[in-house]
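Encoded as structure tokens, the structure appears first; notes follow it.
The values are calculated or read from the model by the stated rules, or taken from the named source; none is laboratory data. Predicted model only: the values in this text are computed from it and were never measured. Reconstructed Cβ throughout: ideal geometry from the backbone, glycine too, with neighbour counts over all protein chains shown. Note: areas computed on protein heavy atoms with side chains; ligands, DNA, RNA excluded. Shrake-Rupley method; radii C 1.70, N 1.55, O 1.52, S 1.80 Å.
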Amino acid sequence: MNITVLLAVGLVALTAILILIFAIIKRKAVPSRRVIPAIDQLRQALDRSVEGGTRVHLSLGKGRLVSPQGAAGLAGLSTLNSLSSVIQSSDLPMVTSSGEPSLSILSQDILRLSNREHLGSEEISFRQSRLTGLTDFSYAAGTIPVISNNNVSTNVLLGDFGIEAGLIMESALRNNGTTVAASDDISGQAVMFASTGESLVGEELFAVSEYLNHTPVHAASLTVQDILRWGVIACIFIGAILKLGGVI
Amino acid sequence: MMADIRCQMCGKLSSDELEICPFCQARLTPLHMPSPSDDMEGSDPVESSEVNISERIEGNQEADSNEMDSLLDDYIEIPSDPAELEVKEWLAGLDQESNNEMETPDLIPGGSADTFGDGSDDDWLSRLNSQENTGAEQVDQDAEKQDGYAEKDLVEWLQDFKNDDESERQQNSQPVSDLPMNDTGSNDDWLDRLQPIEGSVSRDIDDGVDITDEGDLGDVEALPESLQDSTEGSSLEEDIETPDWLRNIQAETLDLSEGTALDEAQSPDWMADLQAETFPSGNDVDSDERDMPAWLREIGADSLEFGESNGSGTPEISFEDTAIDQGAGDFDDEMALKEGLVPPGEKNQDIEASVLEANDYDLNSQVESLESFRHGSSLEKLSSDESVAPGTTMPSGSLQDFTQAGTSSDTPGSLDLDDGIMDDISGELETVDLPEWLKELKDPEVLSSDELMDAEVAKKLDAIPEGELPEWIQDMQPVESMLPQDEIVDEKLNEFVENTGPLAGLAGVLPLAANTETRHSTKPYQETPVLSGEQNQQVELFKQILNSESNPKKPPLPVKRSSQRLLRWIVTIIMLAAVLVPILINYPVALPASNYPPEMIQVRKIIFGLPNDSPVLMIFDYGPAYSAELEAAASSIVGDLINKNTRLVYLSTSPTGLVLADHLMNGVRSQGTSLIDPRVTELGYLPGDIQGMASFANNPSYTLPVSTDGVHVWEDTQVLQDVGSLSGFAALILLTENSETARNWIEQVEGHLGNTPLLMVASAQAEPMIRPYFESGQVDGMVTGLAGGKAYEQAMGISGLSAGYWSSFRSGLFVIELIIIFGGFWSLFGSLRDRKLTRKEEV
Amino acid sequence: MGCYRLHLYWSDPEIGRCNLKSIVSTSIAILSGLVVLVGYFVQIPILVELRSLFLDWAVILAAFMVFIGVLNISIVNISHFTSGKKDGFFGLMLIISMFVTLALGLILKPGHPIMNFIFNSIQLPVELSLMAVLSITFLIAAIHLLRRKPGWVSITFLVTALLILVGTAPSPFGEFPLLGGFLKPFIAQVLAASGARGIILGVGLAALTMGLRILFGADRPYGGK
Amino acid sequence: MALNPTMEFASAVISFLFTIMILSYLVGDNPLFRLGIYVFIGVSAGYAASVAFQDILWPKLFVPLITGNSSRSLFLWIPLFMGVLLVFKLFPRVSRLGNPVMAFLVGIGAAVVIGGAVLGTIIPQTISTINLFDLSAGGSAVEKIFESVVFMIGTISTLVYFQYTARKTPQGAKRGRFVELLSLLGKIFIAITFGVVFAGVLTAALTALVDRVMFIWTFLLSLI
């Protein structure tokens, strides 16, 4: 087992232990978090949608489940889980779109469960959780009618998006909708930064569900991320000094 | 039941066996035989009206209290007619009456003490909403046209009252017909008598506020509402000093309200209750007058009653007139000042305003309605202040019963409740119930409150021996010391000599007339100390809550779709022109690329150094959307590879990669950049993303054993027989637009390449993420985008696909730069202008 | 099911009822994940074999997923068409084009000239055209950026983009040697690359905790949570 | 495999029509555009499904099951069964039957995410940042140190920008001054990164626009 693998095992084990510890010890505490303007804007947009009886649209991206991009899709699903309970009070049920069949199926499960918890019925329409395409651009193009035909006023893009997200955001703009977007892909993030009022950057994509709906485990994972962040910074700093000194 | 008797002088309880109060030596039992109605405690309205007098006196000012107390005492001490016999019993039953209050249901939501805690403003609002619903139901009942009031038709509060007094009515073994409210039947009687009066009232109101007889039920129904409202409203006047003996009465009675101190925090609460009571009108009022809020009709009715009385020209009435005007003015200014709800001068329009605005249930209009109601109630208060004679107050007993029925034990201060009742009495007197005993004193026809008052006062005063000044009056001398400090006793008062009643021949006493003169100077004293700073804050907070509720959250400014479309069209036309013009005018395409990037130079070196017939692996991992850019970047590289007669083997981890590779090869052929036919082998599609990459990197011949033609390429001497692994290739070229795909490939093949160079043809959008791998040496060379392709062609001295795009690309790029510059400035100035406008609006 | 919070896991009887079902799924997720994860790090033959086997199954299931996606798209668009909703006709066109392409692909294989013809005639030009539309869309977005969120961050963004664009190709007025030769490489290779690395590292950390939450059974999208 | 001239012309005509349909979106959303994207969605889905069958299911599942040559053929019945269970996800009443399969995929996906994050991102990116300070790589030492320091500051400050933990203050959650300062710097680096990437996106999209305009022009010329 080489040094890289050892480091990897140690990092994974450390992260797992820290998450468990913080989830148990701090389970009753609500940690203080920095303000993320995009998430505040999302809350306001959700309020307006619920009050205005318009629809909320969540797009989960195209990240395949069994791939490194799957994390973004899973983060989107986690957010959907938080959103679905909020949106239940709206006149119109929220609609989701995705470019990956597995995400579509999982989002249907989440919406079905949410309906059962809040409305006592598992009935959801396939139209409510749609697979709009099987390739990047067909997915984005297929989302355009979802936005323009469903009285959508709030668009949330959370997942793995490339520059094709520009089509979705353009459609939202043409329908006077509010868009809050996040992607794990930097090209997608750059496009979202330019096209939306407030966009989530980088790892903020993974923090949305905790900001919207606090749970001990999600809170612990954010805290652990902060700890690891400084660990990585320390490694870079010390490693750079050692490298300059010729030690390593 | 009658264990104790409350002394009307000191208010303390004494045994019913005593005749003289041990505390103040006042006579407790009147000199007469008990009447059959002795058992009727708590059920007689006049009884509570006595309490009303004392309590109202306490609630107003000491001077009044002393004076009225004297009248009251005489009236008790020297009974002269059957009505007075009953008066004593009512007095005796005061405790019982109060105890009944304990059992009455809470018809004044929000009156509980705990709602004042923490200034829980949200609670008012929630109660407001709950009241809204109940209010709506009441108005629905209003809408029902009814003949008389059968028990089933009694409105909610009346039903509650009825239930509460059920036990007492049970005790009425022998109903006394001359007592109102002694059973349900009598209850109906007075209500029936109310009908015609209401009709006249309605007609009177028609001049001011248009109400038809259909609203009668609403009138009757609204009575307790107004009572409750007045009750709460009068609770604002509790900062007044009260003499000890009155304090005792107050203390005794206040126990009923579970010690709810009359703190200033009550203000929002009663406002909430008032607000809630007005909701029926807010909900259901439409152009149909019958839906007009009941309390509103009362105001109209009472005001007009006073107006009518003015016409009769009796001195009190003329006085009342002025008092009303002044009081009303005071109240409106005061309200406008305190609550800022309605500017001064608009008070007379409030009623109409509330009715008109009630249609769309605007909470602000509800508040205006509330103010207008208070305006009305103030008129009644003033008038009742003038009519302090017992006769005036007696009829209010029935109202008192209603009120007690409609007052919860936790209503802040039942004394206020009675104040409130008194406020309404003078207004209701002519229109509402005249007890039988009172009718016996008069002609059959209905009398005005003032006539009633005169008759009663005259009767009581005549019964008092002349020249005798009761000792309790002496105890209370000097009168000036009991007057409010700000009250000036003018000389006329001292010169005044009483010529009737028990004070006949005495000067300087406080006759009714004198009292009425001082009334003016005491008005502000009565009305002014209403809201404290905290209460004002709470009123303001309440207003803010109402406004925040009625004003929806501002959504972001909607995008002007027309301007958006126009801008889009303009930009589209400009861009199409910028791209098309160079083609039309045959713009020279041989313009040099910006520079030769080092990563491109590395690619050129490596391609140039490849031996002939060497195997080169190409991985096509881009989507159709990027085919133009990547084909432009890669076509000349592929052309060079073909010219070197390399064995091109390609695969793809993208489902469309292979067909795009085909498209590229065909493009290269059509471009004619290659001199010979390419030796191309298609390994096929590599599924599984990173797993597939890893698998192929570990063991390519196992992962993709055969080509798409079904040839076992790894065993074919013409293709890959000499290549067992990735390190066996002369070069590995990855064409991708996705930095993640690039990263995955780099990571997976890194350990298997050996000396095989890894080159990359990438989209310009992925360059910043891929470049670090070139910087770190993980990637040996890179061509990025059209510019990179053009630079490569230029370096190789060929004119390929990118050269064909170059002139249009350059032109389009230049226009984009200009649009970004000018558009950016335009937006910047626009946003600055918006900021200025926003600031101006804020200012 | 409601059994998505660890601390609720055993409390609610309704939850308890559904736990049995969710526990099976959760156990499968955790076990399969652990096998693959340990297989990354530890080279125990059986684990490596299992990991490889599971990954192969995942690839096959992903292919099944594509067909489930096709069915999903069909159901939605058929319902659009039958219920006479807006775009119902287009939905019908979608289904026809999808099944014609699928049938030809199953019969002729994707590499066949007919399949290439369909691809080159429809998918390729449409995607390129959508990309062309995006060029206008992004340009308009850049124009509105300072109006939408004025501030130095947006200005930095636009100035950087402008510098890179100017450095990409010489302008009609000639070339800016300093820009193309030094400034653009420095911005792209140092400033932008460092920022990109910071973002990628952050996303990596977040992905790590995200994956662990699933292996803990805290996040269970397969059960609806 | 090249097409014959007739097929090529037909392909060009259809390409032209679809290009016009999609570009009409620049004028506004319209039925032509809708028709274009719906057909496009159908074709792309059909193509992807046919690739999934021809390149994955057939060679990796059905052929081994039919021929039984594969040593793993016994194990292939399991994914086949799981695939059948997945179909139940389309039917709400029995969709729970597919949950274990989804759980399997999610679990494997989570492991892949963790492995990719640790072995593919965190450790390599950290190491390569450290390696920037390797002066033995050649080049001017001062220039290299300067670039490496700037690079490290950019990476660190960008990382710090994302820190979530903050202190509770009367004005709300606030981070420490030092962290705020670093995150401010990180914001600049992020803006620069996005600016560079956005420029790349614009040029990539512009290339597509140029390609389409040139295609339309050449097609129209070919008609004349």
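Quick notes
- Within the option set C:I214, C:I136, being open to solvent by less than 10 Å² (accessible area, probe 1.4 Å) and touching a residue at least 60 places away in the same chain (Cβ under 8 Å) holds for one residue only, C:I214.
- Checked against (1) open to solvent by 30 Å² or more (accessible area, probe 1.4 Å); (2) more than 10 Å from chain D (Cβ to nearest Cβ); (3) part of a loop (DSSP other than H, G, I, E, B), A:V35 passes all but a single condition, namely (2).
- If the condition is being within 17 Å of C:I60 (Cα to Cα) and either in contact with a Ser or Thr (Cβ under 9 Å, 6 or more places away or on another chain) or in contact (Cβ under 8 Å) with a residue 24 or more places away in the chain (or both), then the stretch D:67-85 contributes D:S73, D:L76.
- Among (1) out of contact with any Gly (no Cβ under 8 Å at 6 or more places or on another chain); (2) within 28 Å of C:L71 (Cβ to Cβ); (3) free of Cβ contacts under 8 Å to residues at least 12 places away in the same chain; (4) more than 7 Å from chain C (Cβ to nearest Cβ) - the single one D:D55 does not satisfy: (1)
- Residue check for C:F182: more than 22 Å from B:S808 (Cα to Cα), facing chain D (nearest Cβ under 7 Å) and either open to solvent by 30 Å² or more (accessible area, probe 1.4 Å) or modelled with pLDDT of 90 or more (or both): no
Residue-wise test of (1) within 13 Å of chain C (Cβ to nearest Cβ); (2) surrounded by fewer than 24 Cβ atoms within 10 Å (Cβ to Cβ); (3) at pLDDT 90 or above.
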| position | (1), (2), (3) |
| --- | --- |
| A:I3 | yes, yes, no |
| A:V9 | yes, yes, yes |
| A:I24 | yes, yes, yes |
| A:K28 | yes, yes, no |
| A:D40 | no, yes, yes |
| A:V56 | no, no, yes |
| A:S78 | yes, no, yes |
| A:Q88 | no, yes, no |
| A:G99 | yes, no, yes |
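- Flag if D:V43 is touching a Phe, Trp or Tyr at 6+ places or on another chain (Cβ under 7 Å) and among the aliphatic types (A, V, I, L, M): no
- Neighbours by Cβ (under 6 Å, 6+ apart or cross-chain): first from the stretch C:76-91, assigned to a helix (DSSP H, G or I); second crowded, with 22+ Cβ neighbours inside 10 Å and polar (S, T, N, Q): C:G91/C:N77
- Only one of C:P150, C:P113 that is out of contact with any Ser or Thr (no Cβ under 9 Å at 6 or more places or on another chain) and open to solvent by 20 Å² or more (accessible area, probe 1.4 Å): C:P113
- Taken over the stretch D:183-224, residues that are in contact with a Leu (Cβ under 8 Å, 6 or more places away or on another chain), more than 7 Å from chain C (Cβ to nearest Cβ) and among the hydroxyl-bearing types (S, T, Y) amount to 1.
- Checklist (1) open to solvent by 10 Å² or more (accessible area, probe 1.4 Å); (2) over 15 Å from A:M192 (Cβ atoms); (3) within 7 Å of chain D (Cβ to nearest Cβ) applied to C:P172, failing item: (3)
- In the stretch B:770-789, the qualifying residues are those that are facing another protein chain (nearest Cβ under 8 Å) and over 30 Å from D:I130 (Cα atoms), and the one that is surrounded by the most Cβ atoms within 10 Å (Cβ to Cβ) is B:L786.
- Test: residue in the stretch B:760-772 that is without any contact (Cβ under 8 Å) to a residue 40 or more places away in the chain and in a loop (DSSP other than H, G, I, E, B): no
- One residue stands out among those in the stretch A:207-224 that are open to solvent by less than 10 Å² (accessible area, probe 1.4 Å) and facing chain C (nearest Cβ under 7 Å): the one that is nearest to A:L18 (Cα to Cα), which is A:V224.
Residue by residue, here is whether (1) under 23 Å from B:D780 (Cβ atoms); (2) assigned to a loop (DSSP other than H, G, I, E, B) holds:
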| residue | (1), (2) |
| --- | --- |
| B:Q691 | no, no |
| B:A697 | yes, no |
| B:S701 | no, no |
| B:S707 | no, yes |
| B:V711 | no, yes |
| B:W714 | no, yes |
| B:D722 | yes, yes |
| B:L734 | yes, no |
| B:N744 | yes, no |
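- Among the residues examined, C:V36 qualifies as free of Cβ contacts under 8 Å to residues at least 60 places away in the same chain, out of contact with any His (no Cβ under 8 Å at 6 or more places or on another chain) and facing another protein chain (nearest Cβ under 7 Å).
- A:R48 meets the stated requirement of being surrounded by 16 or more Cβ atoms within 10 Å (Cβ to Cβ) and not small (G, A, S).
- Within the stretch C:161-196, if we keep just the residues that are under 18 Å from B:F814 (Cβ atoms) and of a type in the set (S, T, N, Q), the residue that is nearest to the chain's Cα centre (by Cα) turns out to be C:T168.
- Scanning the stretch A:111-127 for residues that are at the interface with another protein chain (Cβ under 8 Å from one of its Cβ atoms) and crowded, with 24+ Cβ neighbours inside 10 Å returns a single hit, A:S114.
- Summed over the stretch D:66-94, residues that are open to solvent by less than 30 Å² (accessible area, probe 1.4 Å) and more than 10 Å from chain C (Cβ to nearest Cβ) total 1.
For every residue, the table says whether it meets (1) within 17 Å of C:G211 (Cα to Cα); (2) buried (at least 24 other Cβ atoms within 10 Å of the Cβ); (3) facing another protein chain (nearest Cβ under 7 Å).
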| residue | (1), (2), (3) |
| --- | --- |
| D:F104 | yes, yes, yes |
| D:G109 | yes, yes, yes |
| D:L119 | yes, no, yes |
| D:I123 | yes, no, yes |
| D:T129 | no, yes, yes |
| D:D134 | no, no, yes |
| D:S140 | no, no, no |
| D:I145 | no, no, no |
| D:I153 | no, no, no |
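- The listed residues are C:L102, C:L106, C:L94, and the only one of them that is facing chain D (nearest Cβ under 7 Å), surrounded by fewer than 23 Cβ atoms within 10 Å (Cβ to Cβ) and touching a residue at least 12 places away in the same chain (Cβ under 8 Å) turns out to be C:L102.
- Taken over the stretch C:117-157, the residue count meeting the criterion of being more than 30 Å from A:E198 (Cβ to Cβ) and more than 7 Å from chain D (Cβ to nearest Cβ) is 1.
- Of D:I41, D:I14, D:I20, all but one fail to be surrounded by fewer than 22 Cβ atoms within 10 Å (Cβ to Cβ), in a helix (DSSP H, G or I), facing another protein chain (nearest Cβ under 8 Å) and modelled with pLDDT of 90 or more; the exception is D:I14.
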